[in-house]
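The values are calculated or read from the model by the stated rules, or taken from the named source; none is laboratory data. Just so it is clear, the structure is predicted and the values come from calculations on it, not from any experiment. FYI the Cβ positions are ideal-geometry reconstructions off the backbone, even for glycines, and counts take in every protein chain you see. Areas reflect the complete protein model, heavy atoms only, side chains present, ligands, DNA and RNA absent. Shrake-Rupley method; radii C 1.70, N 1.55, O 1.52, S 1.80 Å.
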Amino acid sequence: MIKKIYIDSDIILDLLQVRHPFHDDAFSLFAQIENGIVKGFVSPLVFSNLFYILRKDGNNKSAVDSLIRLKMLLKIVSIGEKIIELALTSSFNDFEDAIQYFTAIECKADCLITRNKKDYKNADIPVLFPDECLKLITQ
């Protein structure tokens, strides 16, 4: 049973930027979090990446306001030396993906939710698209 999900930046951007056709699944996933059905986790890196992208769409205040609302829904998992070491010595091609993956492992997430499953080929936890996760949550 899925109770803890780690959410990659792309899913959050689908929600905040209303990116179709992905927005509806992201919205439904966050509704599950808001209703306490599952707990959502991210790393501080996600907040940094989101701020960088969101401020380009508007201004700093609107980006910060979005992140404040997001922070009320999600748990932020610390990135420490252990995660950086694991990411640096991993077989991941993308360092950021490695950090996300090992952060998900560290917080004992049941799965990692992303639209870039190919980046997590050798994952030891399920890597799911939002719609796949929603099906498992609502079973």
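General observations
- Positions within segment 20-56 being charged (D, E, K, R) and under 15 Å from D131 (Cα atoms), in sequence order: D24, D25
- Residue within segment 14-21 that is among the charged types (D, E, K, R) and at pLDDT below 95 present: yes
- Scanning segment 24-54 for residues that are closer than 21 Å to D97 by Cα, open to solvent by 50 Å² or more (accessible area, probe 1.4 Å) and either among the charged types (D, E, K, R) or touching a residue at least 24 places away in the same chain (Cβ under 8 Å) (or both) yields K39, P44, I53.
- Selected residue (only one of E96, E132 is under 22 Å from F22 (Cβ atoms), in contact with a Pro (Cβ under 9 Å, 6 or more places away or on another chain), surrounded by fewer than 18 Cβ atoms within 10 Å (Cβ to Cβ) and not basic (K, R)): E132
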